[in-house]
Amino acid sequence: MDKISGDKVFSIHPLPDGFLYAYCIEKTEEHYKIGYKMVSFEKGKVSSVTKSIYMLTKFGADYKTFEGKIKNYLTCFSILMEGGQTFVIERDGTANIFGPGGEVLFSGTFLYQNTPPGGVAVNGNTLWVSYPEHNVLIRHTLSTLREELRIGGKKSPIKSATALFAAGTKLFICSRDTNSIWKMDVSTYQTELYYEFDEPALDYIFINKYEIAVLESGIYLL
């Protein structure tokens with residue numbers, strides 16, 4: 001496991017040859033100073049980028065038409081959909097689908113027993129949402145947002161699922177309270193422990209052959 005950066009990460013987003021992330025440069029009593037970096041595996045370098053590059057990557061080409069309607073652009077979940085639509089789920093569970101002109105095509109709430117989501121992942125037409133306070137994963141159909149399946153609960157081995165990442169038939173689940181990442185086969189729902197750490201696992205992404213974990217102490221290549 002190699003450390004890429006010791007930055008305090010707000011969000012991380014995969015790219016075809018690397019990833020982009022937002023991080024805290026400096027914190028005062030009232031404000032954060034935010035920076036943005038891009039990591040290229042092919043070039044083997046880390047570069048600082050502008051906020052506009054981050055927004056374009058996270059929200060799509062039309063982000064300027066609706067950015068004022070987003071509560072927290074750093075911590076919200078964003079899904080780029082067909083037809084230039086952008087699906088944004090805030091950390092409090094409020095959700096909107098924005099059209100290419102910034103119009104609101106859908107507005108709703110994602111809550112489970114009045115608690116907000118901890119992680120969101122998309123695999124094809126399937127939307128997975130985790131609710132860490134109840135150790136629950138819920139599967140929705142992305143096109144209709146209808147709930148299809150609910151798994152987990154008090155006896156689930158996965159505690160406090162605070163981040164999700166989908167790749168092929170696998171769903172990777174960061175379990176903050178157990179310092180671990182779990183892997184679930186979405187065709188059989190068999191779950192296995194994938195990685196264990198000495199500190200909380202905050203996020204995970206997979207790009208080509210590279211696995212990246214965000215821990216409390218920074219970003220690591222696994």
> Given LEU171, LEU193, LEU222, which one is crowded, with 16+ Cβ neighbours inside 10 Å and either hydrophobic (A, V, I, L, M, F, W, C) or farther than 14 Å from PHE19 by Cβ (or both)?
Replying inline: LEU171
> Considering only strands (runs of 3 or more DSSP E) fully contained in segment 92-132, which possess at least 2 residues that are in contact (Cβ under 8 Å) with a residue 12 or more places away in the chain and surrounded by 14 or more Cβ atoms within 10 Å (Cβ to Cβ)?
Replying inline: 94-98, 119-123, 126-131
> Using beta carbons and a limit of 9 Å, which pairs, at least six apart or on different chains, have the first residue in segment 153-173 and more than 21 Å from SER11 (Cβ to Cβ) and the second one among the small types (Gly, Ala, Ser) and outside any loop (DSSP other than H, G, I, E, B)?
Replying inline: PRO157/SER175; ILE158/SER130; ILE158/GLY152; ILE158/SER175; ILE158/SER180; LYS159/SER175; LYS159/SER180
> Mind checking which residues of segment 34-45 are under 15 Å from LEU15 (Cβ atoms), hydrophobic (A, V, I, L, M, F, W, C) and at pLDDT 95 or above?
Replying inline: MET38, VAL39
> Quick one: which of VAL9, VAL39 is open to solvent by less than 50 Å² (accessible area, probe 1.4 Å), aliphatic (A, V, I, L, M), within 14 Å of ASP203 (Cα to Cα) and in a strand (DSSP E or B)?
Replying inline: VAL9
> When only residues in segment 48-61 that are open to solvent by 20 Å² or more (accessible area, probe 1.4 Å) and out of contact with any strand residue (DSSP E or B) (no Cβ under 8 Å at 6 or more places or on another chain) count, which is nearest to GLU90 (Cα to Cα)?
Replying inline: LEU56
> Of the residues LYS64, LYS71, which single one is open to solvent by 40 Å² or more (accessible area, probe 1.4 Å), among the charged types (D, E, K, R) and in contact with an Asp or Glu (Cβ under 9 Å, 6 or more places away or on another chain)?
Replying inline: LYS71
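The values are calculated or read from the model by the stated rules, or taken from the named source; none is laboratory data. Just so we're clear, the structure is a prediction, and the values are computed from it rather than from any experiment. Positions of Cβ are backbone-derived with ideal geometry, glycine not excepted, and every protein chain shown enters the neighbour counts. Only protein heavy atoms, including side chains, enter the accessible area calculation; ligands, DNA and RNA are left aside. Shrake-Rupley method; radii C 1.70, N 1.55, O 1.52, S 1.80 Å.
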